[in-house]
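The values are calculated or read from the model by the stated rules, or taken from the named source; none is laboratory data. None of these values were measured; they are calculated from a predicted model. Because the Cβ atoms are built from the backbone with ideal geometry, glycine has one as well, and the counts that use them run over all protein chains shown. Accessible surface is based on the protein model in full, side chains and every heavy atom, while ligands, DNA and RNA are left aside. Shrake-Rupley method; radii C 1.70, N 1.55, O 1.52, S 1.80 Å.
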Amino acid sequence: MNERATSAGLSKLWGGRFDQPPDELFYQFQRSFPFDRRLLPYELAVDRAWARAIEKVGILTSSETQQTLAALDAIAERAESDTAWLDVSPAEDVHHFVEMALVERLGPLGYKLHTARSRNELVATDFRMFVKDASLQVSGGIVSLIASLLGLAEQTMGVPLAGMTHLQHAQPVLFSHFVLGHAEAFFRDLERLSAARRMADSCPLGSGALGGCAFPVDRETLARELAFSRVSSNSLDAVGDRDFAVDYLYALASLAGHVSRLAEDFVLFASQEFGYVLLPDEYSTGSSLMPQKKNPDAWELLRGKTGRITAALVSLLITLKGLPSSYNRDLQEDKEPVFAAHDQAMAIAQIAAGAVGATQMNRARLSAAAEDSALLATQAAHYLVQRGVPFRQAHEIVGQIVREAERMRESWAAMPLAKLKNFSPLFESDLKQELTLESALASCNVPGGTAPPRVREALAECRLRLEQWSRSIG
């Protein structure tokens with residue numbers, strides 16, 4: 001016998017047909033309890049529901065059910081108060097851990113709970129319950145982040161921003177409009193998390209290993225007791241499906257990407273070249289060499305976390321690629337990336353919300369940059385359009401004016417009217433009234449536009465949506 005097979009003393013859930021115990025290195029390699037212990041609260045909830053279900057079909061007596069439920073409650077209490085108990089456990093996985101603890105308390109009765117069920121359906125059920133709860137937790141973090149963004153939008157209402165595309169000055173917008181643009185992305189993340197939660201909201205319990213349960217357990221009642229809205233439709237699919245985990249990771253990767261974009265904007269805005277952002281001490285660090293430095297480390301780390309969360313999604317997709325139907329042990333690799341990505345997502349939502357809330361804007365610098373005459377070129381083209389010039393021609397005319405001003409190293413908006421008329425006789429003295437920051441902002445007076453009344457409407461509408469989301473996630 002292999003001298004390293006020290007796990008021989010453990011009572012396996014599967015060991016009856018084996019002559020030799022597993023190699024000790026292999027046993028440690030294939031154990032999942034060090035990480036799937038996180039599912040213990042869900043496992044115990046499933047066990048309670050299953051005990052009641054198999055009592056109804058005559059497998060447990062009423063007394064045995066009560067003893068089992070009491071033992072499960074005692075296990076939960078000890079696990080909560082004595083984490084060292086879990087740390088030293090040699091259990092193979094969370095299911096094995098509970099059975100060992102039950103047998104320790106109940107003797108042979110502890111073995112009866114696993115009647116007519118498989119670890120395949122147990123882990124699928126536990127994992128779905130985790131994802132449902134986890135998506136709500138992250139949604140709560142996003143709600144806080146959106147609230148911080150809306151607070152910043154309110155504080156800066158009326159402050160202009162030199163809007164950019166390709167990181168080049170484009171058109172003026174309100175800074176509040178810019179902030180609300182980020183909020184919209186996070187509202188979409190709430191929708192994605194809600195969709196992942198709906199995908200996970202199907203109870204596999206009663207599916208067996210792949211063919212269903214051999215006893216007439218009431219699957220609908222099991223689903224209700226475990227707060228699922230429905231039961232899975234196909235037992236073989238139920239034990240092998242991890243689409244819900246992919247959907248959850250996709251939602252987290254999307255969230256991370258949106259936080260990264262917000263972070264990139266604030267990192268740029270905090271640079272001396274922009275000077276739009278006054279970095280808060282609480283979310284910044286300094287240099288060990290250069291005394292004057294204040295670095296946007298919170299934003300840089302938030303930006304950096306995107307790679308880790310996106311990698312978790314890719315990791316699971318690769319694990320699932322090419323698996324045959326039903327359960328395969330490869331699926332043990334599904335939980336670690338989900339757990340890790342969830343923890344990171346919770347952290348980035350919390351830190352981003354705090355950093356936004358603590359950040360102050362340099363209003364003078366924002367206003368000065370928004371006065372750049374280049375931002376008003378489109379306004380001049382629209383002036384000509386209103387006088388009958390096709391937009392493509394108006395675009396060409398204003399482009400020629402800007403090019404001439406660059407050659408002369410002067411502001412095109414400051415050109416004398418007589419010189420502008422050389423490009424188009426339609427320019428009149430009222431052009432100067434159109435070429436103002438206020439006029440440019442006011443002109444975009446459509447739903448979703450940056451005109452001040454529209455931005456105030458959008459902010460109010462965002463407040464209502466945020467309240468609805470807060471209520472829906474509890």
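Suppose R0 equals 30 Å; then what is the FRET efficiency for Arg261 and Glu396 from their Cβ-Cβ distance, rounded to the nearest 0.05?
The formula returns an efficiency of 0.35 here.
Would you mind checking the tilt of helix 40-56 against the longest principal axis of the Cα atoms of the chain, expressed as 0 to 90 degrees and rounded to 10?
Taking Cα atoms only, the helix is inclined about 50 degrees.
Taking the radius of gyration and the Kirkwood hydrodynamic radius from Cα positions alone, what is the Rg/Rh ratio for region 122-226, to two decimal places?
On the way: Rg = 22.2 Å, Rh = 17.2 Å.
Value, to two decimals: 1.29.
Using the Cα centre of region 47-183 as the reference point, and only Cβ charges (+1 on K/R, -1 on D/E), how large is the resulting charge dipole? Debye, rounded to the nearest 20.
460 debye
Measuring from the lowest to the highest alpha carbon on each principal axis, how far does region 372-474 reach, largest first, in angstroms?
Computed over region 372-474, the largest-to-smallest principal extents equal 64, 29, 22 Å.
What's the extension gain from Asp218 to Asp281 if we count 0.36 nm per residue and subtract their Cα-Cα distance? Write down the numbers at each step before the final one.
Values: separation 63, 0.36 × 63 = 22.68 nm, distance 5.78 nm.
Working it through step by step, the gained length comes to 16.9 nm.
Can you work out ³J(HN,Hα) from phi for every residue in region 126-136, in order, using Karplus 6.51 cos²θ - 1.76 cosθ + 1.60 and θ = phi - 60°, giving whole Hz and x for Gly and Pro?
With the stated coefficients, region 126-136 comes to 4, 5, 5, 5, 4, 4, 4, 5, 4, 5, 5 Hz.
For region 211-222, just list the computed ³J(HN,Hα) in residue order, Karplus coefficients 6.51, -1.76 and 1.60, θ = phi - 60°, integers in Hz, with x standing in for Gly and Pro.
x, x, 8, 7, 10, x, 5, 8, 5, 4, 5, 4
With point charges of +1 on the Cβ of Lys and Arg and -1 on the Cβ of Asp and Glu, referenced to the Cα centre of the chain, which listed residue (Leu149, Val267, Ala381) lies farthest in the positive direction of the dipole?
It is Ala381, whose Cα lies furthest towards the positive end.
Largest first and in whole Å, what are the equivalent-ellipsoid semi-axes of region 103-146 based on the Cα gyration tensor, each being the root of 5 times an eigenvalue?
Values: eigenvalues 266, 33, 5 Å².
Largest first, region 103-146 gives 36, 13, 5 Å.
If Cys444, Cys203 are ordered by their accessible area, calculated over protein heavy atoms with a 1.4 Å probe, which sequence runs from highest to lowest?
Descending accessible area places them as Cys444, Cys203.
Using only Cα atoms and rounding to the nearest 10 degrees, what angle (0 to 90) does helix 335-358 make with the longest principal axis of the chain?
Roughly 40 degrees between the two axes.
How many nm is it between the label spots at Glu77 and Lys321, if each spot is 7 Å from the Cα in line with the beta carbon?
5.0 nm
Compute the length gained on full extension between Ala227 and His166: take 0.36 nm times their separation in residues and subtract their Cα-Cα distance, giving the result in nm to one decimal.
Stretched fully, the Ala227-His166 segment lengthens by 17.2 nm.
Given (1) 24.6; (2) 21.8; (3) 26.7 as candidate values of Kirkwood radius over Cα pairs in Å, which corresponds to the one derived from the coordinates?
Read-out taken from this structure: (3).
Relative to the Cα centre, what is the charge dipole magnitude of the chain, using +1 at the beta carbon of each Lys and Arg, -1 at the beta carbon of each Asp and Glu, and rounding to the nearest 20 debye?
On the way: 48 positive and 58 negative charges, 209 e Å.
Here the size comes out at about 1000 debye.
Which whole-number value in Å² is the accessible area per residue of region 28-84, probe 1.4 Å?
Value for region 28-84: 45 Å² per residue.
Taking 25 Å as R0, compute the FRET efficiency from the Cβ-Cβ separation of Asp330 and Arg308 and round it to 0.05. Before the final figure, lay out the partial values.
On the way: r = 22 Å, r/R0 = 0.86.
Rounded to the nearest 0.05, the efficiency is 0.70.
Can you compute the charge dipole magnitude of region 216-265 about its Cα centre, using +1 on each Lys and Arg Cβ and -1 on each Asp and Glu Cβ, nothing else charged? Give it in debye, rounded to the nearest 20.
Details: 5 positive and 9 negative charges, 15 e Å.
That gives region 216-265 a dipole magnitude of about 80 debye.
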